[in-house]
1. Contact list please: Cβ distance under 9 Å, first residue in segment B:143-159 and closer than 15 Å to B:Val69 by Cα, second residue open to solvent by 60 Å² or more (accessible area, probe 1.4 Å), pairs at least six apart or on different chains.
2. Select from segment A:105-123 the residues that are among the aromatic types (Phe, Trp, Tyr) and in contact with a helix residue (DSSP H, G or I) (Cβ under 8 Å, 6 or more places away or on another chain) and write down the one among them that is nearest to A:Lys221 (Cα to Cα).
3. Please indicate, with yes or no, whether at least one residue in segment B:230-246 is touching a residue at least 24 places away in the same chain (Cβ under 8 Å), within 14 Å of chain A (Cβ to nearest Cβ), touching a helix residue (DSSP H, G or I) at 6+ places or on another chain (Cβ under 8 Å) and under 20 Å from B:Gly326 (Cα atoms).
4. Those residues that are assigned to a loop (DSSP other than H, G, I, E, B) and open to solvent by less than 10 Å² (accessible area, probe 1.4 Å), I need them from segment A:178-187; list them, please.
5. Output the residues belonging to segment B:291-317 that are of a type outside the set (Lys, Arg) and free of Cβ contacts under 8 Å to residues at least 60 places away in the same chain.
6. Quick check on my filter: what residues within segment A:199-212 are closer than 24 Å to A:Arg282 by Cβ and more than 9 Å from chain B (Cβ to nearest Cβ)?
7. Please specify each residue of segment B:19-72 satisfying the condition of being of a type in the set (Phe, Trp, Tyr) and not assigned by TED's automatic domain parsing to the domain that holds B:Ile222.
8. Quick check on my filter: what residues within segment B:323-350 are in a loop (DSSP other than H, G, I, E, B) and open to solvent by less than 70 Å² (accessible area, probe 1.4 Å)?
Number of protein chains: 2
Amino acid sequence: MEQTLDNIVKKNLKPEDLKQFNRIHYGREDHCELKLKESTIKKCHEANIEVAGYYFTANREQIRDPRYVKVGVIQHSIVQPTDKPLSEQRAAILKKITNVIDIAAAEGVQILCLQEMWYMPFFLCTREKDKWAEFAESATEGPVFNFLSPIAKKYQMVLISSILENDNGTWWNTAVVINENGQYMGKHRKNHIPSVGSFSETSYYAPGNLGHTVFNTKYAKIAINICYGRHQALNWLMFGLNGAEIVFNPAATISEFGESFWGIEARCAAVANSYFTCSINRVGTEVFPVIKDGRKEFITRSYYGSSYITAPNGHRTPSLSRVRDGLIISVLDLNLCRQMKDQWGFNMTSRLDMYAEKLSQKKET
Amino acid sequence: MEQTLDNIVKKNLKPEDLKQFNRIHYGREDHCELKLKESTIKKCHEANIEVAGYYFTANREQIRDPRYVKVGVIQHSIVQPTDKPLSEQRAAILKKITNVIDIAAAEGVQILCLQEMWYMPFFLCTREKDKWAEFAESATEGPVFNFLSPIAKKYQMVLISSILENDNGTWWNTAVVINENGQYMGKHRKNHIPSVGSFSETSYYAPGNLGHTVFNTKYAKIAINICYGRHQALNWLMFGLNGAEIVFNPAATISEFGESFWGIEARCAAVANSYFTCSINRVGTEVFPVIKDGRKEFITRSYYGSSYITAPNGHRTPSLSRVRDGLIISVLDLNLCRQMKDQWGFNMTSRLDMYAEKLSQKKET
């Protein structure tokens, strides 16, 4: 069995120890697993996709009914080698994902988020721009939008699609929100762009210029914090101040870039801002043949998956696999957001006026 | 053996599994334990104090030498019942702590931090003010300052002492920094005050009015984020912007208040701000007899300890005991702070100007 942290402890700890471990590590003794359909389990098995279901409850209130929403997150590897024609590479991923979305839809998923730049290999480490330019597309009428739009409509599902956007000749790292009628609802552009190691994303696109939009979808108020933006507490904060109930973090990250805090950054943000966070990281190894000093070399990058979901009270699900495609389906009671704000008082005690002033002063020094 | 998370996994996992667990959970496969003196281990055993030593290394640089500093953190329970005379209660704690500081000094600790309001029971849950008022003292000439000052001088040790401050009739939750000559160096006042459950601290003192001072001590640039302030990302951020290399978080917190995120908030802050964090929580059960509706009742609070230290690369030590007194001694190479800023680029990409503006706008809406 694969050595995820959760598998390691489940396999080795006695029930009493496991309870204590889960309480300290995951915030609750029991994972609160959601019963999934037999057809879901069968189909995922056939497609070699890990599937997991969880639920998060809130206290019952007197006046307000529970506000359940069912979300899904998908982590996946690419299908074709990176030197195949672009259209073949993309078509193979689209085909695979169609199957997973169908499965999620059969479980009644209402909001579904895919990983960062989900329809292509994460080629940014190659520093090649021309070769991959045709994967940069319009947010409102590109092939990926046109592919997802009818699916969203068919299933009345809100879809979050992280794309490489080409807006009149300028590239952006963009998340597109498609509503349950298949319509373009809006987009968010990655606010913080890394130039870490070989991930020189700053040579491809600039920091986002669209602020911290919260999308008031039919099912929940949602926002998207793209990949590296998870390291910035203020980025998370603004989504919260703008009213987000769920913040999705589609990512593409490798072990060397802090696997040990992948499981805690989005979780801290969920606690600090009293919203749910859904963290999605791609899986699999991507090999890019490149020409360096006239010789063919290979750049290899392995993504560790480990997607997970956290509630505003800090409770979190185990992570998906580090190597396999996977789907988490989770029921969230959005009432927990306000309940946690009331309980912890982090918003009430945040003294944002003081910090606005202090940050403005810093600016001038 | 006590069920700390670290004990549970050490006891049950095979070496290979433990390595993988440690890598994902603590950031490194090996805890990098510091060899302590036999006399230290013997004295701690006699006093029933858990003791642990760790080190954190940085890359060797060409021009700059390593900048090692040895820090100590102490978690402890009260000694006398809470209905004994105040002076007896305090004297008993001072006596116990003197012994632990002596041990730390023999190991060469240069900066040492005690838990929140370390010389008294954490009486705030009682809502009694008069009864405990004599524990509120001057930051510069109170009994606790006068007790610690000669110790600091004797050992050339910087001491961080979290006190209940009475400044001309007003109470504050204050951390006093005493330098290696035993002199008062300055103080920090808790910036964010909780009113959560029975911890109605807002009825005792107001939010701190001294900003986010960083103390340029002989050994390191240090700051103090007191207890509940750990939930506020902006509080951590300001200490970082002001140049802190180590931020201490003396606390008094109970399981119901988020034990599952105790281990991750200060750690996220260390990563986000590229400094070391030292988290200290009191231990033991404190029982307060109170009169309610004319009848004697008992308020009981148990603190879960679990003190730990995190480096700016996210590597962290295991936690101390959940129930026993404890001392962590740790060698930090401060060079790691700049190295991590350079590696991750979180500072460079933080867009603080944008957030200063956005927070100012929020203020007006």
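1. B:Gln156/B:Asn181; B:Gln156/B:Lys218; B:Val158/B:Met185; B:Val158/B:Lys218
2. A:Trp118
3. No; the residues of segment B:230-246 include none that is touching a residue at least 24 places away in the same chain (Cβ under 8 Å), within 14 Å of chain A (Cβ to nearest Cβ), touching a helix residue (DSSP H, G or I) at 6+ places or on another chain (Cβ under 8 Å) and under 20 Å from B:Gly326 (Cα atoms).
4. A:Gly182
5. So the first thing to find is which residues in segment B:291-317 are of a type outside the set (Lys, Arg), and the list is B:291, B:293-294, B:297-300, B:302-315, B:317.
Hits for segment B:291-317 are B:Ile291, B:Asp293, B:Gly294, B:Glu297, B:Phe298, B:Thr300, B:Ser302, B:Tyr304, B:Tyr308, B:Thr310, B:Pro312.
6. A:Phe199, A:Ser200, A:Glu201, A:Ser203, A:Tyr204, A:Tyr205, A:Ala206, A:Gly208, A:Leu210
7. Our first condition is that a residue be of a type in the set (Phe, Trp, Tyr); within segment B:19-72, this holds for B:21, B:26, B:54-56, B:68.
Matches in segment B:19-72: B:Phe21, B:Tyr26.
8. So the first thing to find is which residues in segment B:323-350 are in a loop (DSSP other than H, G, I, E, B), and the list is B:323-325, B:334, B:345-350.
Scanning segment B:323-350 gives B:Asp325, B:Leu334, B:Gly345, B:Phe346, B:Asn347, B:Thr349, B:Ser350.
The values are calculated or read from the model by the stated rules, or taken from the named source; none is laboratory data. No experiment lies behind these values; they were computed from the predicted model shown. Here Cβ is always computed from backbone atoms with ideal geometry, including for glycine, and neighbour counts include all displayed protein chains. Keep in mind that these areas ignore ligands, DNA and RNA; they rest on the heavy atoms of the full protein, side chains included. Shrake-Rupley method; radii C 1.70, N 1.55, O 1.52, S 1.80 Å.
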